[in-house]
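In what follows, a structure is listed as structure tokens, so that the remarks can point back to it.
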Amino acid sequence: MNGASSRRQLGARAAMLIDGGIEPAAAAAFFTRPAASSAEGRASSARGAARFIDAPGHRIVLKHYHRGGLVARLLDDRYLWLGEARVRAFVEFRLLARLHSAGLPVPRPLAARYARRGIWYRCDLVTERIGQAVPLSARLREGELPAALWQAVGAVIGALHRAGVDHADLNAHNILLDTHGQVSVVDFDRGTIGHAGGGGARNLARLERSLLKVTRELPAGRFTPAAWGALLAGYARGGG
């Protein structure tokens, strides 16, 4: 973060949070720019798709919040209004801001907004795109990972848990690897921060299930007990 975030009222039933280093007009424009036209223009997640967008001075990811599971058929992108403090985009923005300021490998949050209609609201989050990075799930489709990279993944997760982060949906799609072997974690919707190690075992169990699922149809060797052991060794060094 380049400075404290600010809140901007957009009308009687809408508001925006902005990173202190971003001009309000530029932040507002993030939400209206067209998505990238390349094959990398979208990134899937458990609750819909995030759009990759090129904006002046920034390569950004715009996430529109969608419901997951069976309730998505009824409500899609609508959430019950329970007050601004409970707006999901604002909660994730503030969590990411705190983690990014602490030097943890998460995307920098740039802006978040919501708009109310009746008892419902819709919301969006803009983060800075992590350059030249692909999900762990995609990297596994390309080939086996060396033990050192599994250890790096574990070390990042351990550092997050040492900081008290409980990631609500830690899976192979939300861990990014760049071309230099750097690891980042994204999608902190419904995530929390509390005491060190909180949620660690649950997060790791979810990640292991995800890795087993995404490699089930891949050639043998993409995810092995040795790979998981290397991840856990890195996790221990990362402070988990």
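General observations
- Residue within the range 34-55 that is at pLDDT below 90, on the phi > 0 side of the Ramachandran plot and buried (at least 16 other Cβ atoms within 10 Å of the Cβ) present: yes
- Considering the conditions (1) in contact with a Leu (Cβ under 7 Å, 6 or more places away or on another chain); (2) of a type in the set (Lys, Arg); (3) assigned by TED's automatic domain parsing to the domain that holds Met16, Arg122 is excluded by exactly one of them, (1).
- So Gly83, is it modelled with pLDDT of 90 or more and assigned by TED's automatic domain parsing to the domain that holds Arg13: yes
- Checked against (1) more than 18 Å from Ile175 (Cα to Cα); (2) surrounded by fewer than 23 Cβ atoms within 10 Å (Cβ to Cβ), Gly103 passes all but a single condition, namely (1).
- Once the range 170-185 is narrowed to residues that are out of contact with any strand residue (DSSP E or B) (no Cβ under 6 Å at 6 or more places or on another chain) and more than 18 Å from Tyr235 (Cβ to Cβ), the residue that is surrounded by the fewest Cβ atoms within 10 Å (Cβ to Cβ) is His180.
- Unique match (being exposed (fewer than 15 other Cβ atoms within 10 Å of the Cβ) and modelled with pLDDT under 95) among Gly229, Gly198, Gly194: Gly194
The values are calculated or read from the model by the stated rules, or taken from the named source; none is laboratory data. Just so it is clear, the model here is predicted, and its values are computed rather than measured. Positions of Cβ are generated from backbone atoms using ideal geometry, with glycine treated the same way; all protein chains shown enter the neighbour counts.
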